[in-house]
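One structure below.
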Amino acid sequence: MARLAQIITKIIDFFYPPFRRIISEQLFRYAACGGGNLVLDWVLYFLVYNFVIGHEIVNLQFTILNSQFTQAITPHIATLCIVFPITLLTGFWLQKNITFTQSDLHSARQLFRYILIVAVNLAINYFGLKLCVEMLGWYPTPSKMCITLVTVAVSYFGQKYYTFRKSR
């Protein structure tokens, strides 16, 4: 895996020189890894939604204390439940091994912190959409775009100064 990280880093760094005066190398790597993970998320979502879930409602059956329960999950949410853990882990791996390589914190601690930052971003998205769309009456897509700018900043600084910081 270390070799794969080196290859990806070299590819990203190849495209960095024109941006050298605009952003730091670390920020460029962060954007490249995040953008790549976003594309992976979209592709996986498309493939799972169309070819695994097949646009069908997923019925989960549970047995609790000898009673059976069935929970129907819409196809788009079932797909999210399948794809989200994959891209969460790939995003973590990319940020740990390509962007924030200087951290000497234990990997388990980094992963826990990474998940916390992702949870904060999910909350920002949820409450931001509630505020912008339902209270302010903005259109959903521009609202999501504005909120994404906030979550990208929160994520970058959270990952840099919390998840992948150097231990003291």
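Once amide H atoms are placed 1.01 Å from N in the peptide plane, what residues at a sequence separation of 5 or more from Phe100, or on another chain, have their amide H within under 5 Å of its amide H?
So Phe100 has HN proximity to no qualifying residue.
How do the peptides 109-116, 140-147 rank, highest first, by the average count of neighbouring beta carbon atoms within 10 Å per residue?
109-116, 140-147
If eta is 1.567 mPa s and T is 4 °C, what Stokes-Einstein diffusion coefficient results for the chain, Kirkwood Rh from Cα pairs, in µm²/s? List each step's numbers first, then the result.
Working: Rh = 18.3 Å.
Rounded, D is 71 µm²/s.
I want to check the label-to-label distance for Ala119 and Ile86. Put each point 7 Å from Cα in the C-beta direction and report it in nm to one decimal.
Between Ala119 and Ile86, the label points sit 2.5 nm apart.
Any chance you could give the angle, 0 to 90 degrees and rounded to 10, that helix 2-14 forms with the longest Cα principal axis of the chain?
70
Any read-out appearing in this document is the output of simple, stated calculations on the displayed coordinates, not a laboratory observation. Only a predicted model underlies this, so the values are computations on that prediction, with no experimental measurement involved. Quick reminder, even Gly has a Cβ in these numbers, built from the backbone with ideal geometry, and neighbours come from all protein chains shown.
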